[in-house]
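Engineer: What follows is a single structure, and I will ask about it in a moment.
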Amino acid sequence: MRPQPDFLHEFVPGNSKRTLLLLHGTGGNERDLIPLGRELDPDGSLLSPRGKILENGMPRFFRRLAEGVFDLEDLKARTNELADFVAAAVRHYNLAADHVVGVGYSNGANVAASMLLLRPGIMHAAILFRAMVPLIPENLPDLSSARVWIGAGSQDPIIPTLETQRLVELLRAAGTDVTIRFFDAGHGLTKSEIETAGQWLRELKQAAPRR
Ligand code: MLT
């Protein structure tokens, strides 16, 4: 039996309690971020769905009207659908529901941020590479037990750093412990950024849960 509602996905079992939920960028697929996930965490399980929206044949996690302009109704529906998939996958693969860390790149980072804001119980932490504000929720959730690391490219032509700053402010207003790091990079990830994110994840492992 596959988790319902169904997403095409890869699942790689690990030997620790943690699961990394890997969310690819526009035009990516469920296999793209597996090597990144393993680099970030050699022990965790990896759950990597493929976005269901096709934009000119390129998979995404939600519809957009133009670059950086999102179809908010679709975004809300797709966020809930993805959150339901993660909850079903946690049951199906017998994973620890309180040890799910989102790892999103670009469009995947935006849907991860949306999931934090709309379905706060799904992930307890997240690494967001090249993220912006996906939506402003009607009611700000209590994210005081969540930890988020954000990596921004200071020359990113797609996600202006100001947009990433707005996301930091929104998450902090909800009580999230946010770390933001700027890298001398464009939209693509750099080796040093991945190493920095991995270091944060290792420290997260050792830290006691926030109350
Ligand atoms: C989005 O659509 O989520 C952002 O513009 C990033 C991207 O190009 O995918």
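Engineer: With springs only between Cα atoms under 10 Å, which of Ala89, Ala126, Ala173 fluctuates most in a Gaussian network model of the chain?
Structural biologist: Highest fluctuation among the options: Ala173.
Engineer: Kindly work out what percent of the DSSP beta bridges joining two residues of the chain are antiparallel, to the nearest 5.
Structural biologist: 25
Engineer: Still on this structure: Among Arg91, Arg147, Arg38, whose mean-square fluctuation peaks in a Gaussian network model of the chain (Cα, cutoff 10 Å)?
Structural biologist: Arg91
Engineer: Counting only Cα atoms, I'd like the Rg/Rh figure for the stretch 55-115, Kirkwood definition for Rh.
Structural biologist: Numbers: Rg = 12.8 Å, Rh = 12.6 Å.
Rg/Rh for the stretch 55-115 comes to 1.02.
Engineer: Can you tell me the relative contact order of the stretch 52-154? Whole percent, Cα pairs under 8 Å, sequence separation 6 or more.
Structural biologist: Numbers: 154 pairs, mean separation 22.1, N = 103.
It comes to 21 percent, rounded to a whole number.
Engineer: Any number yet on Rg/Rh for the stretch 57-211, C-alpha, Kirkwood?
Structural biologist: Value, to two decimals: 0.94.
Engineer: Between Asp142 and Arg166, 0.36 nm times their residue separation minus their Cα-Cα distance comes to what?
Structural biologist: 6.9 nm
Engineer: Any lysines with Cα under 17 Å of the Lys76 Cα? List them, leaving off those in the same chain fewer than 8 positions away.
Structural biologist: Lys52
Engineer: Put a dot 7 Å past each Cα toward the Cβ at Arg63 and Arg31; how far apart are the dots in nm?
Structural biologist: Placing both labels 7 Å beyond Cα along the Cβ direction yields 3.0 nm.
Engineer: Quick one: 3J(HN,Hα) in Hz for the stretch 123-137, Karplus 6.51/-1.76/1.60 with θ = phi - 60°, rounded, Gly and Pro as x.
Structural biologist: 10, 9, 7, 8, 10, 10, 9, 6, 10, 9, 6, x, 6, 9, x
Engineer: Now for a different question. Name the residue, out of Ile150, Ile136, Ile127, whose mean-square fluctuation peaks in a Gaussian network model built on the chain with Cα pairs under 10 Å.
Structural biologist: Ile136
Engineer: Give me the distance between the Cα centres of the stretch 140-211 and the stretch 23-84, rounded to whole Å.
Structural biologist: Computed from Cα coordinates, the inter-centre distance equals 18 Å.
Rule-based calculations on the coordinates, nothing more; no lab input. Since the model is a prediction, treat every value here as computed from it, not as a measurement. Neighbour counts run over all protein chains shown; Cβ positions are idealised from the backbone, glycine included.
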